[in-house]
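Student: One structure follows; several queries about it will come next.
The values are calculated or read from the model by the stated rules, or taken from the named source; none is laboratory data. Being a predicted model, the structure only gives us computed values, none of them experimental. Reconstructed Cβ throughout: ideal geometry from the backbone, glycine too, with neighbour counts over all protein chains shown. Accessible surface areas use protein heavy atoms only, side chains included; no ligands, DNA or RNA. Shrake-Rupley method; radii C 1.70, N 1.55, O 1.52, S 1.80 Å.
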Amino acid sequence: MKKIDSHTAELITNEIFDITKFLLNWNNIKDYRSSNHIGLLAGLPGIILVLVENYKINPTDIHSAILKEYINKTFEIIENSESLTPTYCDGLAGYGVFLLKLKTNNLTDANDKELNNQIDAILEEIDEILEEQLKIYYKSDNLDILHGLLGFGLYFIERENQVGISEIVKILDNKKFRTKEGYVYWKKYDSYATFTTILDMGNAHGMGANIYFLTKLLSKKNILTEDSKIIVTELIDNSIQFYLNNAQNISKDIYCFYPLKIKASAFEQNNLIPENSRLGWCYGDLAILYTLLMASIQIKQKSYEKIILEKLLFVAGRKYSEERYPIDAAFCHGTSGIAVLFLNIYYITKNEVFWESANHWLKETFNKKDKNQPNGHIDYGFIIENSAEKNISILEGLAGVLACYLKFLHSEMPISEELLMIKY
């Protein structure tokens, strides 16, 4: 398997050192909203877990002590918060995943009874809240994995809560729609942009995330009953077929297989107007096809894999200079997330086309640095509107860039990749 060249490795090593040093200095980040937020993807817990993975690779007593301080700061945030959301991205479900990752990776001292009792008490409270919120989010028809009930499911998986998992599988099954051919899809009300019922094609908030969640369930042992396995496998298979049989035709003006969103009325009346979409983790061909590839491998559908890889080879030809949507360095919708997705596809396929694409987007991540600023080595942009501060979260900020660099240097970032829904 190919490895990055020595010059790039040196660049990455320097960036990892500088970013880590910056993030481990509380005075640098104490006033940033990401540092004062319990969101797994939006706040301090996600930052901590990226730093934890770096610590596991390069352990030092200093880093260990600082990480323990940061973990304690998340307890302070919880205690001082007047209101908390129940969600995965920025609320209790994600925070619960954070606590469970600390425990399962032996990042808490087993002899520290006070700390472990505190964690267990918080988890029990999260259990109760999410089980109650599940009913509320079901009534509001909110399946969104980042901001809705599927995100509760990610916590239930970590918690090995079979009752909660079974309930969400039933909900996904009940909420599905079928085409006349029998392919499965889901609809949602778009309260952000179109204000109508849509088919959300993306991985961050839409049907791609549904497939990810179902595939993650199927990859776990002893989580599903035999009856649920049959339902989950059928949903995965038929939703993959939906994507493969509803890809747009590539033309002079249309260079994407899937749009961001489709109006449900237009789809059901067969009155679709092809649209292009972004290249990123959150939306667009790359992330969708990556999820479909992983799902196809899980259900052992070689015929699907072949079609998906053909499409991914086309996607690999897209370059930064040709993209028409804004691209920053963030994992969510920027260069670092794109680079990691292509790198993982290379690891799966060993096809050098994907290696070249991964390195192209890694280079573009380097290019996002502002070298003229006093802190140029850590200034990748990430400006927060109406603020002088920068985003340092794993999803939309500096910690995501750090996760990307660590991945290229060490090939495995299991905790971070699982948090970002690209590892099962």
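Student: Which GluC sites (Glu not before Pro) in region 147-233 sit in a loop by DSSP (not H, G, I, E or B) and have at most 11 other Cβ atoms within 10 Å of their own Cβ?
Tutor: Glu181
Student: As a test of the formula, what do you get for the chain when each DSSP H run with n ≥ 4 contributes -39,500 (n - 2.57) and the sum is divided by the residue count, at 222 nm and rounded to the nearest 500 deg cm²/dmol? Write down the numbers at each step before the final one.
Tutor: Working: 17 runs with 236 residues, N = 424.
That calculation yields -18000 deg cm²/dmol at 222 nm.
Student: I need the shape label for region 229-314. Rule: rounded when a/c is under 1.5, else prolate if a/b > b/c, else oblate, with a, b, c from the alpha carbon gyration tensor.
Tutor: oblate
Student: With the chain treated as a Gaussian network of Cα nodes joined by springs under 10 Å, which of Gly96, Gly153, Gly164 yields the largest mean-square fluctuation?
Tutor: Comparing Gly96, Gly153, Gly164 in the GNM, the peak value goes to Gly164.
Student: Let me ask you something else. When averaged across all projection directions, what area in nm² does the alpha-carbon convex hull of region 171-220 cover?
Tutor: On the way: hull surface 17.0 nm².
Dividing the Cα hull surface by four gives the mean projection, 4.2 nm².
Student: Right, next: List the trypsin sites (Lys or Arg not before Pro) within region 366-418 that fall in a DSSP loop (any state other than H, G, I, E or B) and whose Cβ has at most 12 other Cβ atoms within 10 Å.
Tutor: In loop regions of region 366-418 (DSSP not H, G, I, E or B), the sparsely surrounded trypsin sites (Lys or Arg not before Pro) are Lys371.
Student: Sticking with this structure for a sec: What number, in percent, do you get for the relative contact order of region 24-139 if the mean sequence gap of Cα pairs under 8 Å and at least 6 apart is divided by its residue count?
Tutor: Worked out over region 24-139, it gives 25 percent.
Student: For the chain, build the charge dipole from Cβ charges (+1 Lys, Arg; -1 Asp, Glu) around the Cα centre, then report which of Cys256, Asn105, Ala193 sits farthest towards its positive end.
Tutor: Cys256
Student: Once you charge only the Cβ atoms, +1 for Lys and Arg and -1 for Asp and Glu, what is the size of the charge dipole of the chain about its Cα centre, to the nearest 20 debye?
Tutor: On the way: 44 positive and 55 negative charges, 278 e Å.
That gives a dipole near 1340 debye.
Student: Another one. Among Ile48, Pro59, Ile231, which residue has its Cα furthest toward the positive end of the charge dipole of the chain, with +1 on Lys/Arg Cβ and -1 on Asp/Glu Cβ?
Tutor: Ile231
Student: If the only charges are +1 at each Lys and Arg Cβ and -1 at each Asp and Glu Cβ, what is the size of the charge dipole of region 266-424 around the Cα centre, to the nearest 20 debye?
Tutor: 420
Student: Further, regarding this structure: In percent, how large is the relative contact order of the chain, given Cα pairs closer than 8 Å and 6 or more residues apart?
Tutor: Value for the chain: 17 percent.
Student: To make sure I understand the rule: partners must be lysines, Cα under 28 Å from the Cα of Lys369, and not fewer than 8 residues away in the same chain. Which ones qualify?
Tutor: Counting by Cα, and skipping residues close in sequence, Lys369 has these lysines nearby: Lys2, Lys3, Lys21, Lys30, Lys56, Lys319, Lys390, Lys407, Lys423.
Student: Then there is this: With all protein chains present, how much of the accessible area of region 1-137 (probe radius 1.4 Å) comes from carbon and sulfur, to the nearest whole percent?
Tutor: 46
Student: Could you pull out the trypsin sites (Lys or Arg not before Pro) across region 1-69 that fall in loop regions by DSSP (anything but H, G, I, E, B) with no more than 12 other Cβ atoms inside 10 Å?
Tutor: In loop regions of region 1-69 (DSSP not H, G, I, E or B), the sparsely surrounded trypsin sites (Lys or Arg not before Pro) are Lys2, Lys3, Lys30.
Student: Could you order Phe17, Phe75 by accessible surface area, starting with the largest, using a probe radius of 1.4 Å?
Tutor: So the residues, ranked largest to smallest area, are Phe17, Phe75.
Student: Once you sort the root eigenvalues of the Cα gyration tensor of the chain as a ≥ b ≥ c, which label holds: rounded (a/c under 1.5), prolate (a/b larger than b/c) or oblate (the other case)?
Tutor: Cα axes put the chain in the oblate bin.
Student: Under 1.5 on a/c is rounded, so check that first for region 116-269, then, if it is not, pick prolate when a/b is larger than b/c and oblate when it is not; a ≥ b ≥ c are the square roots of the alpha carbon gyration tensor eigenvalues.
Tutor: Taking the square roots of the gyration eigenvalues as a ≥ b ≥ c, region 116-269 is prolate.
Student: For the chain, report the accessible area per residue in Å² (1.4 Å probe, heavy atoms, rounded to an integer). If you can, show how the numbers build up before the last one.
Tutor: Numbers: 18910 Å² over 424 residues.
Normalised by residue count, the accessible surface of the chain is 45 Å².
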